[in-house]
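S.K.: Please see the structure below; I have some questions.
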Amino acid sequence: MKILCLDAGSSSLKFAVFESDDKSQRLLLRGAAEGLGQPSTQFWAQDSTGKSVDDAMSSNRLDPETALDRVFGAMAKAEIGVAEAIGHRIVFGGPDHVAPALVTPALLADLDRFVQFDPMHLRSQLDLVTRVSKRDPNAIQVACFDTAFHQRMPSIAKRIPLPRSVGPLIQRYGYHGLSFEYIISALGNASAGRVLIAHLGSGSSLAAVRDGQPVDTTMGFSPLGGLMMGTRPGDLDPGVLLYLIQAHYSAAELETLLTERSGLLGVSDASASMETLLDRAAADRQSMDAIELFVYQVRKHAGALIAVLGGLDTLVFTGGIGEHAAPIRNMIADGLMCAGVRVDPARNAASDAVISPDDSLVTVRVIPTDESQMIARHVRDILVQPREFTSVRRR
């Protein structure tokens with residue numbers, strides 16, 4: 001069975017194609033269109049050996065429709081054939097959708113009312129599902145929800161201290177669930193005990209997991225909360241928003257501030273890229289300020305989740321920053337020595353699978369995440385065992 005996995009962002013479209021059977025998935029093709037709607041767009045596609053199938057910079061504004069055409073064009077160039085099923089990463093599933101679900105008109109209508117929770121991601125993801133449906137009305141499509149993983153958290157971890165009259169939708173949901181789910185599967189037996197997963201990238205969050213079960217996470221009601229991120233602020237004192245509203249910020253201006261102008265970019269006034277900030281840090285105080293604030297917030301939130309877990313056995317770094325930025329891993333670990341976290345300098349510099357010393361109380365790992373592979377697994381499972389994986393609606 002060939003499965004196409006699609007992950008639409010506000011200005012990007014990532015994709016991967018897997019050959020799947022009952023026990024495993026084999027990668028056939030992977031790529032992305034980056035910078036959609038911008039003056040220039042990079043599209044790339046590579047086969048399982050890393051050989052380029054399609055790699056071109058377009059001087060024209062590549063729109064989502066054309067990007068989807070390029071995805072199917074790359075599949076044709078790679079002589080993959082037609083995908084039997086298509087899996088989508090859907091950021092938000094609300095309180096009811098706690099497992100992957102077959103896409104139906106009813107499901108899309110239900111999800112459409114949640115766009116206001118995360119307009120930056122959810123609108124483009126639902127629009128992509130619609131585009132695929134128009135391209136092939138008979139295509140089997142599966143929605144895989146980032147929030148589903150966290151729905152197993154204890155109820156107290158999902159509560160927000162507001163009156164019940166605000167409605168049942170106002171709760172902590174958590175995000176990056178497909179990434180956390182993949183890391184737990186990659187750990188295998190090593191997921192036993194108290195595990196803290198640090199998904200650090202342009203979007204960042206931590207997840208506390210005990211014996212494979214989610215306990216708590218840093219992102220809450222929306223993907224704006226928790227840790228400071230590339231362009232998002234993370235947790236804010238609600239008084240800041242009240243002040244800005246009183247200072248005549250409109251809802252649209254607040255959305256732009258919180259989604260596009262805050263975080264690493266806002267503090268540094270230079271870049272949302274950690275790689276760029278590390279290069280600039282020695283000569284630019286604001287870039288160093290952004291790095292130090294990011295590390296400080298990760299340490300602080302990690303300490304809170306370690307307290308929730310009652311200690312720590314394993315720390316996993318993943319995501320673009322977590323996987324590649326050795327200096328950031330080292331700075332975070334230095335602030336968690338009180339919890340038993342240590343890293344070996346040589347192992348950390350080499351980004352080894354295990355970067356802690358052999359005698360460390362806490363095993364510190366670096367595991368590349370693969371949300372597309374997690375999507376492929378869910379698609380396979382829902383087609384093989386549809387009753388088990390049909391979206392559940394609580395009553």
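S.K.: Please go through the range 315-332 and pick out each residue that is of a type outside the set (D, E, K, R) and surrounded by fewer than 21 Cβ atoms within 10 Å (Cβ to Cβ).
M.R.: Residues satisfying the conditions are G320, H324, A326, P327, N330, M331.
S.K.: For the range 128-158, which positions are part of a loop (DSSP other than H, G, I, E, B) and within 22 Å of the chain's Cα centre (by Cα)?
M.R.: Scanning the range 128-158 gives D146, T147, M153, P154.
S.K.: On to the next question. Looking at the range 170-184, can you tell me whether even one residue there is assigned by TED's automatic domain parsing to the domain that holds F294, closer than 21 Å to S155 by Cβ and touching a helix residue (DSSP H, G or I) at 6+ places or on another chain (Cβ under 9 Å)?
M.R.: No; the residues of the range 170-184 include none that is assigned by TED's automatic domain parsing to the domain that holds F294, closer than 21 Å to S155 by Cβ and touching a helix residue (DSSP H, G or I) at 6+ places or on another chain (Cβ under 9 Å).
S.K.: Suppose we keep only residues that are in contact (Cβ under 8 Å) with a residue 12 or more places away in the chain, part of a loop (DSSP other than H, G, I, E, B) and among the hydrophobic types (A, V, I, L, M, F, W, C) within the range 265-314. Which one would you say is surrounded by the fewest Cβ atoms within 10 Å (Cβ to Cβ)?
M.R.: A270
Residues checked against (1) touching a Phe, Trp or Tyr at 6+ places or on another chain (Cβ under 6 Å); (2) crowded, with 17+ Cβ neighbours inside 10 Å; (3) of a type in the set (A, V, I, L, M):
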| site | (1), (2), (3) |
| --- | --- |
| C144 | no, yes, no |
| S155 | no, no, no |
| P161 | no, no, no |
| Y175 | no, yes, no |
| Y182 | no, yes, no |
| L187 | no, yes, yes |
| I197 | yes, yes, yes |
| L224 | no, yes, yes |
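S.K.: In a helix (DSSP H, G or I), of a type in the set (D, E, K, R) and within 30 Å of G188 (Cα to Cα): is that true of E323 in this structure?
M.R.: The answer is yes for E323.
S.K.: If you don't mind, there's one more thing I want to ask. Are any residues in the range 80-102 surrounded by fewer than 18 Cβ atoms within 10 Å (Cβ to Cβ) and in a strand (DSSP E or B), and if so, which ones?
M.R.: L102
S.K.: Can you pull out every residue in the range 332-372 that is outside any loop (DSSP other than H, G, I, E, B), of a type in the set (G, A, S) and in contact with a Gly (Cβ under 9 Å, 6 or more places away or on another chain)?
M.R.: A339, S372
S.K.: Taking the condition of being part of a strand (DSSP E or B) and not β-branched (V, I, T), how many residues in the range 15-58 meet it?
M.R.: The qualifying residues number 27.
Quick grid of which residues meet (1) assigned to a helix (DSSP H, G or I); (2) of a type outside the set (G, A, S); (3) within 23 Å of A333 (Cα to Cα):
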position	(1), (2), (3)
I197	no, yes, yes
G201	no, no, yes
A207	no, no, yes
G225	no, no, yes
L241	yes, yes, no
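The values are calculated or read from the model by the stated rules, or taken from the named source; none is laboratory data. What you are looking at is a predicted structure, and each value in this text was computed from that prediction instead of being measured. Reconstructed Cβ throughout: ideal geometry from the backbone, glycine too, with neighbour counts over all protein chains shown.
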